[in-house]
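The values are calculated or read from the model by the stated rules, or taken from the named source; none is laboratory data. Since this is a predicted model, take the numbers as computed values, not measurements. Neighbour counts run over all protein chains shown; Cβ positions are idealised from the backbone, glycine included. For accessibility, only protein heavy atoms count, side chains too; no ligands or nucleic acids. Shrake-Rupley method; radii C 1.70, N 1.55, O 1.52, S 1.80 Å.
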Amino acid sequence: EIFDFRCLTCNEDARIGADTVQLKKESIVCEGCRCACFCSSQCFVDGYSDHVMGNIWNVDKCADMRQARIEKRIVTMAVPAYKLAVKKEIFGEGAERIVSKLRYLDKNCCFKGPKLVAK
């Protein structure tokens, strides 16, 4: 799983740019798990208790995220975007694979980053 730099409260990217892991100066990372970002102190106040209790849809609670970080199931790396485009056409098949082409999409739905393969 890749570390998600989007704010848990408002879903805004907490990084200074899409191709970096450096956070904006006003961004806050949860000290408990080091896996949850908040884009501002207000978002931190509004969303921290829900994060600790696991009351955010589709996001593990703080203790579970901490354990995943320790076990290296969550890794930190720069991704160019959080949206993906997958071609419906399958370009490769085999005994254990069906392969499609995959690209990242930026905020304007333009391709960004390298061409990838989805299995």
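Counting only residues that are at pLDDT 80 or above and of a type outside the set (Lys, Arg), segment 63-103 holds 11 of them.
Scanning segment 96-115 for residues that are open to solvent by less than 80 Å² (accessible area, probe 1.4 Å) and farther than 12 Å from residue 81 by Cα yields a total of 3.
State which residue is most open to solvent (accessible area, probe 1.4 Å) when the search covers only segment 7-16 and only residues that are in contact with a Lys or Arg (Cβ under 9 Å, 6 or more places away or on another chain) and in a strand (DSSP E or B). Can you show your working first?
Let us first name the residues in segment 7-16 that are in contact with a Lys or Arg (Cβ under 9 Å, 6 or more places away or on another chain), namely 12-16.
Still in the list and also in a strand (DSSP E or B): 13, 15.
Numbers: 13: 36, 15: 8 Å².
Residue satisfying both the conditions and the ranking: 13.
Just wondering, is there one or more residues in segment 42-54 that are within 14 Å of the chain's Cα centre (by Cα), under 22 Å from residue 7 (Cβ atoms) and open to solvent by less than 40 Å² (accessible area, probe 1.4 Å)?
First pass over segment 42-54, keeping only residues within 14 Å of the chain's Cα centre (by Cα): none.
Scanning segment 42-54, I find no residue that is within 14 Å of the chain's Cα centre (by Cα), under 22 Å from residue 7 (Cβ atoms) and open to solvent by less than 40 Å² (accessible area, probe 1.4 Å), so the answer is no.
Kindly provide the set of residues from segment 17-56 that are of a type in the set (A, V, I, L, M) and in a loop (DSSP other than H, G, I, E, B), ordered by number. Reasoning before the result, please.
First, pick out the residues of segment 17-56 that are of a type in the set (A, V, I, L, M): 18, 21, 23, 28-29, 36, 45, 52-53, 56.
The answer is 18, 21, 36, 56.
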